[in-house]
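Written below as C-alpha cells is the structure these notes are about.
The values are calculated or read from the model by the stated rules, or taken from the named source; none is laboratory data. Just so it is clear, the structure is predicted and the values come from calculations on it, not from any experiment. Here the Cβ is made from the backbone with ideal geometry for all residues, glycine too, and neighbour counts use every protein chain on show. Quick note on the areas: whole protein, heavy atoms, side chains included, nothing else; ligands and nucleic acids left out. Shrake-Rupley method; radii C 1.70, N 1.55, O 1.52, S 1.80 Å.
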Amino acid sequence: MTDRIQSFEEYQQEYDLSIRKPEEFWADKAKKFTWHKEWDKVLEWNFQEPKVEWFKGAKLNIVENCLDRHLATRGDKRALIWEPNDPNGQAKTYTYKQLHKEVCRMANVLTNNGVQKGDRVCIYMPMIPELAFAVLACARVGAIHSVVFGGFSSNAIADRINDAGCSFVITSDGMYRGAKELSVKETVDEALESCSTVDKVLVVQYTHCKVKMEEGRDIWYHEALRSAGKESELQIMDAEDMLFILYTSGSTGKPKGVVHTCGGYMVYAEYTFRNVFQNKDSEVYWCTADIGWITGHSYILYGPLLAGATTVMFEGVPTWPDAGRFWQIVEKHKINIFYTAPTAIRALMTHNIDYVKKHDLSSLKVLGSVGEPINEEAWHWYRNNVGRKDLPIVDTWWQTETGGIMISPLAGLTPLKPSFATYPLPGVQPVLLDGDGNEIKENGVEGYLAIKFPWPGMIRTTYGDHERCRRTYFGVYKGYYFTGDGARRDEKGMYRVIGRVDDVINVSGHRFGTAEIENAIDEHPQVVESAVVGFPHEIKGQGIYAYVICAEGCEDEDKLRQEIHEEVIKQIGKVARPDKIQVVDDLPKTRSGKIMRRILRKVAEGETSSLGDTSTLLNPEVVESIIQGRRV
Ligand code: WT7
C-alpha cells in the first residue's frame with residue numbers, strides 16, 4: 001500500500017490541487033477511514049466568529065480507526081514498543097491486537113466508574129504504557145482527555161482541572177526519571193484540595209511507593225480491572241465533537257485549553273504523519289516527545305496508530321545513565337525514523353562524540369526536528385553524526401493549535417536547507433503579513449506568519465472561552481489565523497520560522513507566557529513587581545531572565561532568588577524556573593506606565609550598546625543601574 005506522496009513533483013501537484021479544490025482534496029484523504037455515517041459537507045467556515053467545521057454530520061470513533069480498523073490486516077504487527085527509563089529494565093511490546101485489548105479493558109474501567117461521553121478526564125502520568133491506554137480509552141468512550149505534562153506542579157494541575165471542569169483523573173503512584181524516583185499521586189492529592197469537580201481518581205500502581213488512597217474517591221487500576229470485561233463498545237462521535245483539550249501558554253493570562261475535534265484532527269494527523277516521515281509498513285518510528293505535549297498526542301499516538309505504524313514510547317531522559325541513551329535505543333529497537341527536539345540535540349552535542357559513535361545507527365532512514373527553530377550548527381551536527389551525512393532531516397513547524405505539522409519537508413523528497421522548515425504541506429496556505437496586516441507577496445522577505453485558509457487539524461475553540469480564541473488567533477489580523485511567529489521566506493519560497501513575536505518564550509521547546517511567570521514570581525511576598533524576558537540560551541534555545549523589584553530593598557539576594565525559584569516551581573513547575581534573576585530598584589517604563597520590555601530584552605541579551613532612544617522613558621536613570629547589575 002503506497003498512498004504516500006512519491007516525489008517532489010507529486011507534492012507540487014498535490015499542493016496545487018489542495019488549494020484549488022480543498023474540499024475534494026480532503027474528502028479523498030478521509031475516504032480510507034471507517035465512518036459510521038458520511039459527512040453532509042466537507043467544510044464550513046468563517047474566521048470571524050471563528051467557526052470551522054470539517055466533515056460536518058459524519059460519525060466516527062478515532063480509536064476504532066487507530067486500532068479496530070487494523071485488526072484484520074495488522075493484528076499481529078507491533079503497534080507500541082515501550083522502552084523504560086532504566087536500560088536494564090524490560091521493554092514491552094504490544095501488537096495491534098494486544099493494544100486493542102488493553103485499551104478496551106481500560107475503557108471498561110472508565111465506563112464502570114461512571115465516565116460518560118463528553119466528560120472531561122484529566123490525565124497526569126509518567127510515560128508508561130498505561131498513559132497511552134488512558135488517552136485512547138477516553139477517546140474510545142467519548143470522554144474528552146486533558147493530558148497535563150508530568151513536570152507541572154499541583155497548582156498548575158488544579159488550574160487545568162478547574163478550567164475544564166474535569167470529573168475524573170487518571171494518574172500513577174509514582175514515576176522514575178533518570179536516577180530519581182518521584183511521587184505523582186501526592187501531587188495530584190495536593191491539586192485536588194482546590195478542585196471540587198473531581199469525583200474519582202484512577203491510580204495505576206507502578207513504582208509501588210506508598211500513597212494515600214481516599215475512600216470513595218480513589219481506585220486502584222489493577223483492582224478495577226478485575227471486574228472489567230474484555231469487550232468494549234465504541235462511542236460513536238460526531239466529527240465535530242471534542243476529542244481533547246490541551247493547555248498551552250499565550251502572551252496573556254493563564255494557559256488556555258486548546259480544543260481539537262474528532263474528524264478533522266484524525267484525517268490531518270494521519271495524512272501529515274504518513275507523508276512527512278514517509279513511513280513504510282515495516283518501519284519502526286520513534287518520537288522522543290512526552291505525551292503531555294501536542295507532539296506526543298499527534299505523533300506518538302494518534303498519527304502513527306492511525307497509519308498502522310509501529311510507534312516507540314520512551315519513559316526516560318536523553319542523558320541518563322549517559323549521553324548515549326538515545327543512540328543505544330536506536331540500536332536496540334532498530335529505529336528507522338527518529339523525531340526529536342533541537343534542545344535535545346544541543347544538549348547531546350556538548351558530550352563526547354563517542355557516545356554517538358559507539359552505537360550502530362545504520363537502521364536510521366529519516367530524522368526529524370520539532371519544537372523550536374533548529375540552528376545551523378545543531379542541524380549539521382545532527383545530520384553528520386546521527387544522519388551519516390546524508391539522511392533527510394524534516395524540520396517540522398507547527399503548534400499545539402494547528403494539531404499537526406504545517407510546514408515541513410517531505411522526507412527524501414523535498415530539497416533541504418538547514419534551519420528552514422521549507423514548504424507548506426498540502427492544504428496549508430501560509431502568508432507573511434506586514435505590521436498593518438497586508439500580505440507580502442514577494443519572496444526574500446520577513447513578516448508575521450499567518451494562515452489564510454482552514455485545515456482539518458486546526459484549533460476549534462479555547463475551552464470555555466470562545467471569545468478568547470477569537471481575540472488571540474483571529475482578532476489580530478482580520479481574516480487570518482495568526483500564529484504568533486515571525487518568519488522569513490527565501491527567494492525560492494522556502495519558509496524559515498524565526499521565533500515568537502509575542503510575549504511567549506520557548507524554553508527547550510516548552511512554551512511559557514512571560515505574564516504567567518511574572519504572576520508566579522509576584523506571589524512571593526517580598527516582590528513588588530517583576531518583568532520576565534527571554535534571552536538566547538545555548539542549550540534551551542531561550543532562557544528565562546527575570547527582573548524583580550523587592551519591597552524595602554533586599555538584604556540577601558541569594559536567599560530571595562532561591563525563594564523565587566521555589567515559588568515558580570510551586571505555581572507552574574520546574575520547567576519554568578528562571579535561569580537568571582536580577583534584583584532591581586525600578587523597571588524602565590514609558591510615560592503611560594508600560595514596562596519597556598525591549599530594553600530589558602537587550603540587557604538580558606547583553607546588547608547594552610544598542611538600547612536605542614531611552615530619553616522618552618519616565619525614568620531613564622534606571623537603565624544604567626540595570627545594565628550595571630546585569631546577571632551573566
Ligand atoms: C511554537 C509552538 C509543535 C509541537 C511542539 C511545540 C515553535 C515549533 C518549530 C520549528 C521553528 C518552531 C514556534 C511555534 N516551533 N516547531 N520547526 N521551527 N519554530 O508546540 O508548544 O504549541 O509551540 O513552537 O514558535 O509557534 P507549541
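Annotations
- Three-way shape call for the chain based on the alpha-carbon gyration tensor, with the a/c threshold at 1.5: rounded
- With Cα atoms defining each centre, the stretch 141-209 and the stretch 1-34 are spaced 40 Å apart in the structure.
- Set of the stretch 140-173 residues, backbone N closer than 14 Å to the point 7 Å along the Cα-Cβ line of K254: 153-166
- Rg [Å, one decimal], Dmax [Å, integer] - the stretch 109-175, C-alpha atoms: 11.3, 30
- Lysine pairs within the stretch 508-629, Cα separation less than 16 Å, 8 or more sequence positions apart or different chains: 5
- For V583, residues with placed amide H under 5 Å, excluding near neighbours: V548
- A protection proxy built from the mean count of other Cβ atoms within 10 Å ranks the segments 118-125, 624-631, most packed first, as 118-125, 624-631.
- What a 1.4 Å probe finds exposed on the chain is 45% carbon and sulfur by accessible area, rounded to a whole percent.
- Here the peptides 476-487, 223-234 are ranked by packing, the mean other Cβ count within 10 Å, and the order with the highest first is 476-487, 223-234.
- FRET efficiency estimate (nearest 0.05) - Cβ-Cβ, S363 to N112, R0 51 angstrom: 0.75
- Computed extension gain for E231 through H466, at 0.36 nm per residue and net of the alpha carbon distance, reaches 80.8 nm.
- Distance between the modelled labels on D3 and T73, one decimal in nanometres: 0.7 nm (7 Å Cα→Cβ projection).
- Size of electric dipole in the stretch 508-629: Cβ of Lys, Arg +1 and of Asp, Glu -1, about Cα centre, debye, nearest 20: 660 debye
- Projecting the Cα atoms of G447, N336, C138 onto the dipole axis of the chain, where Lys and Arg carry +1 and Asp and Glu carry -1 at the beta carbon, places N336 farthest toward the positive end.
- The stretch 545-603 and the stretch 345-403 have Cα centres spaced 34 Å apart.
- Counting 0.36 nm for each residue step from E557 to N46 and taking away their Cα separation leaves a gain of 178.7 nm.
- Cα gyration tensor, the stretch 1-118 - rounded (a/c under 1.5), prolate or oblate: oblate
- The aspartates and glutamates within cross-link reach of K357, meaning a Cα-to-Cα straight distance under 19 Å and a gap of 8 or more places when in the same chain, are D322, E331, E377, D390.
- Gyration tensor verdict on the stretch 508-629 (Cα atoms; rounded if a/c is under 1.5, prolate if a/b is larger than b/c, oblate otherwise): oblate
- Sequence ranges 130-139, 328-337, 252-261, ranked by mean other-Cβ count within 10 angstrom, highest first: 130-139, 252-261, 328-337
- Note that the stretch 574-581 has calculated 3J(HN,Hα) couplings of 4, 4, 9, 5, x, 7, 9, 10 Hz, one per residue in order, obtained from phi through the Karplus relation 6.51 cos²θ - 1.76 cosθ + 1.60 (θ = phi - 60°); glycine and proline are x.
- Under 5 Å, built H, 5+ apart or other chain: amide partners of V445: R489
- Phi to ³J(HN,Hα) by Karplus 6.51 cos²θ - 1.76 cosθ + 1.60 over the stretch 325-333, Hz, x for Gly, Pro: 4, 4, 6, 5, 5, 4, 5, 4, 9
- 1.4 Å probe accessible area per residue over the chain, in Å²: 39 Å²
- Karplus-based coupling profile of the stretch 192-201, in residue order and whole Hz: 5, 4, 10, 10, 10, 8, 7, 8, 9, 10, with θ = phi - 60° in 6.51 cos²θ - 1.76 cosθ + 1.60 and x standing for Gly or Pro.
- For the chain, the Cβ-based charge dipole about the Cα centre amounts to some 1720 debye (Lys, Arg positive; Asp, Glu negative; other atoms uncharged).
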